[in-house]
Amino acid sequence: MNPAILAAALWLRATGFEAPIDPATALREERRAAHRAGEPRRELDLVDRELAALAGASPGQLAAACDAAQAGFRVCGERLPELGCAGEYLQRYADAGCLADPLQLPRYHFMWALHWQRQLDFAAALAALRRVVEAAQPLLLARLFRRDPQGAAELLDLTRDLAASAALRTELAAHLRSRVAWDRSFAALSLFLDVLAREGDAYAAAVLRNQIAWGLLVLREAGLAGADPVPLLTSALATFTADGTRDRSHADNVRINLALAALQRGALDEVERQLGGLGDAAMSPEERMWLHIIRLRAALAGGRVDEANAWQAALAGAELGEVVPMGEWFVAWTRGLVDEARGDRDAAIAAYEAAEAVLEAHAHARNVAAYGAAADGRYRMFAATTRRLLDLLLGDGDDAAALSLARNARNRALRMHAREWCQEAERPRDDLPEPGALHLLYFPLDPAGAGDLAPWVGFAVTAAGARAEALQVAPIAGDMHRLSEETLSTFAEQLLAPFEADIAAAEVVTIFPTDALHALPFHALPWDGGILLDAAPVQYGLDVAACGEPSPRSGGALVISGSDYSLPEEGRAVTAALAAGGVRVDHRAADAPEPFAPLLTGGAALAHVAAHGQHPADEAVFAADVQLAFGGAHVLTRETILAAPAVPRLVYLSACRSSFVDADTLGGGLSLAHAFLLRGARQVVGSVRDVDADATRTFALEFYAALASLPAGAVAEAWRAAYLSARAAVEPSLQDDLRMLRLFVP
């Protein structure tokens, strides 16, 4: 060894100095300091220098290289999306050899989940999050009982990965308006937050609290009630402004979120106080967008229209469309708000029409089936412009244009979903009903707070044209099917009474609900001393162009029954009832060879399917993510139905949730019943919730008896007769289950 070097080493050891830090470690510390200071371009430069210093890293340095590549991905995705470099660092993460380390795999899948979330592809994001859990769980379990320091450190790292995954899943549930997924994800996240707090990782816990608070703010922007985000944000801000955990960028993000929370509750002084505390850290384009939006809305709330106009000009000049998903919509929305405040009605209409065009372009740019189902919840947040435009058109007396807008908005996600299988589904329905038919379509003009009446518009559409009525609607409970007739009478007065003359003149009534009204059993609402069904046959409309026609050569009936519980018995009873009416019946057990062939090729005019409706995953994220289970491995999915060459004209789905309708979305989701209608069925009977087997079997037998006694094609009349007779036949405790059953038409 060189004597000078040896002497220096002996001196360092003698004086207590540590060995010099290697260049990569020094760069990592400098990079982290740049991150805390909110200097993303400097941070990204240091990432590149660190990765260069770690090129050809030894196995002991692999974790450092992976951490640097992850930091580059984070900066590109969160802080500098205009550079479009996130994918580059995902590749560098793989090239560094990180995927060979099982401990790095959860993080890799999580980064992909973040990437898809930023692209608004929530289906792909959720799939990536499932891979996080699959990769992390066995590693976590293997370290739970290790007592060595390395095992404890790895356990904490895996806990952070799973906590981040739960936080992102919870945020996605908020975007998708999925209460079930939100509750489950938030419960899991709470456990992880407790672990992080116990381990003293306040910084990681603060990041997650801010993310969950953002999800709550998103819910409130869409008009849905949720927990108060302020305690979560206040806790996070305290962490990001404390010595040792100080982070300027995160602190600014929390302050923006606190300002939005104050704006939502009308505390304008608090908005100004939070925004006045913003630091000098660089902001991402999305953060700056929300900052402008909050300032604009606060100015409008304070009557400062010129100031709001200036903020809108800054927002429009930011060219958000290139770097912020749906950025163009936010620009058009705020332009409309300012134009309305200025009293320029025509300009406001033009702005909101531009926003609607952005939504249509967004829908048509997608061709992913699962995304179509997820988007139905997403569009509820963006319905603000639809509601405002609808209100302005109604004010101008243009009921026809308002009706067309409402129909288009409520079925946008369904059209997008079905486009993968049939281009016809892209064409919105705008035709008038046949003579004697009445369409009742409902759309919210503004979301209601708890206990408040909300403004809605109802359209009565007949062969003669459309007429709009302003409505005030009470808050909708979670499961309206179980409410007393006295409580339901309130909704009959609010939703049906304005159309009393139209209902009296109708031969058949088709309901097109939207948003919270999907939960309401219109057919069973008290009406004129009975229920609405006493006055006329009632069915529920899809309002989307069908993808095909029933086979004209098909005839007879097909019965498919599952193998467990009461399903075989129901199959035999239905077969006997149909045969007694003179119908040729092909009864197949689900475990028979090719049991679904006639169902999916149009080989029968009528099909009765006795099965169980179940969610294929633990998290019910998508609006109607149900499949039919027949026992064993036999299942029938929505995608299989949509891809079928042809289907029967009339389909009876005797299964729980077979026509599940999500009241947290505009369109209600794409259920199995809707899939049959899109493929070409003319009528589908299904249940929107869990239903008792005895109730649905009794109804089915009454239904087929009524079909045999009525003229061909009188399905709505048969459904009405079956409901009224089954209601009298079943036990009082099962009568509410009949409310779950609906007749759907295209």
Whole-percent carbon and sulfur share, accessible surface of the chain, 1.4 Å: 53
Inter-probe distance in nm under a simple model that places probes 7 Å from Cα toward Cβ, at Glu88 and Ala187: 4.5
The chain: longest segment with zero exposed chymotrypsin sites (Phe, Trp or Tyr not before Pro), where exposed means DSSP loop plus at most 16 other C-beta atoms within 10 Å, is residues 146-564
Along segment 249-258, what does the Karplus equation 6.51 cos²θ - 1.76 cosθ + 1.60 (θ = phi - 60°) give for ³J(HN,Hα), rounded to whole Hz, x for Gly and Pro? 4, 5, 4, 4, 4, 5, 4, 4, 5, 5
Sorted by chain and number, the residues with a modelled amide H under 5 Å from that of Cys656, at a separation of 5 or more or across chains, are Gly613, Val691
Distance (nanometres) between label positions extended 7 Å along Cα→Cβ at Ala310 and Ala238: 3.7
Positive-end residue, segment 468-581 charge dipole about Cα centroid, Cβ charges, pick of Ala516, Gly529, Phe499: Ala516
Let me know the charge dipole size of the chain about its Cα centre in debye, to the nearest 20, where only the beta-carbon of Lys, Arg (+1) and Asp, Glu (-1) is charged. 1200
Here segment 129-146 yields Karplus 3J(HN,Hα) values (6.51, -1.76, 1.60; θ = phi - 60°; whole Hz; Gly and Pro given as x) of 5, 5, 5, 4, 5, 4, 7, 8, 4, x, 5, 5, 4, 5, 10, 4, 10, 7
So which GluC sites (Glu not before Pro) in segment 199-272 are both in a DSSP loop and have at most 16 other Cβ atoms within 10 Å of their Cβ? Glu199
Between segment 231-252 and segment 26-69, what's the alpha-carbon centroid distance in Å? 23
Lys, Arg +1 and Asp, Glu -1 on Cβ, resulting dipole of segment 300-447 about Cα centre, debye, nearest 20: 520
Amide H contacts of Tyr540 (H built 1.01 Å from N, under 5 Å, at least 5 apart or other chain): Ile511, Leu743, Phe744, Val745
For segment 703-712, take each phi angle, set θ = phi - 60°, evaluate the Karplus expression 6.51 cos²θ - 1.76 cosθ + 1.60, and give the result in whole Hz per residue in order, putting x for glycine and proline. 5, 5, 5, 5, 4, 5, 9, 10, x, 4
Part-to-part distance (alpha-carbon centres) for segment 651-723 and segment 482-544, which is given in Å: 17
Estimate the FRET efficiency between Glu493 and Asp396 by the formula 1/(1 + (r/R0)^6), using the beta-carbon distance for r and 25 Å for R0, to the nearest 0.05. 0.30
Considering the dipole of segment 639-746 built from charges on the beta carbon (Lys and Arg +1, Asp and Glu -1) around the Cα centre, which of Ile641, Ala728, Ser659 is farthest to its positive end? Ile641
Taking the Cα centre of segment 385-466 as origin, sum charge times position over the Cβ atoms of Lys and Arg (+1) and Asp and Glu (-1), and report the length of that vector in debye to the nearest 20. 280
In degrees, nearest ten, helix 40-53 long axis to first principal axis of the chain (Cα): 70
Residue-normalised value, i.e. accessible area per residue, for segment 251-293 at 1.4 Å probe, in Å², stands at 37
Answer label for Rg and Dmax of the Cα atoms in Å (calculated), chosen among (i) 29.4, 109; (ii) 26.4, 89; (iii) 29.7, 101: (i)
Identify, among Val133, Leu176, Leu189, the residue whose Cα sits farthest towards the positive end of the charge dipole of segment 115-203, taking +1 on the Cβ of Lys and Arg and -1 on the Cβ of Asp and Glu, with the dipole about the Cα centre. Leu176
Considering just Cα atoms, how many Å³ per residue does the convex hull of segment 151-203 enclose? 63
As an exercise, identify the trypsin sites (Lys or Arg not before Pro) in segment 672-717 lying in DSSP coil whose Cβ has no more than 15 other Cβ atoms within 10 Å. none
If r is the Cβ-Cβ distance from Asp228 to Thr637 and R0 is 30 Å, what FRET efficiency results, to the nearest 0.05? 0.15
What is the gain in length, in nm to one decimal, between Asp694 and Ala728 on full extension, counting 0.36 nm per residue of separation less the C-alpha to C-alpha distance? 10.9 nm
The answer for Trp527, listing residues at least 5 apart or on another chain whose modeled amide H is closer than 5 Å to its amide H, is Leu532
With DSSP loop assignment and no more than 14 other C-beta atoms within 10 Å, the GluC sites (Glu not before Pro) in segment 431-539 are Glu507
Which angle from 0 to 90°, rounded to the nearest 10, does the C-alpha axis of helix 23-37 make with the longest principal axis of the chain? 60
On Cα atoms only, tilt of 327-342 relative to the major axis of the chain in degrees: 70
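The values are calculated or read from the model by the stated rules, or taken from the named source; none is laboratory data. Here the structure is a predicted model, which means the values were calculated and not measured. As a convention, Cβ positions derive from the backbone with ideal geometry for all residues, glycine included, and neighbour counts pool all protein chains shown. Quick note on the areas: whole protein, heavy atoms, side chains included, nothing else; ligands and nucleic acids left out. Shrake-Rupley method; radii C 1.70, N 1.55, O 1.52, S 1.80 Å.
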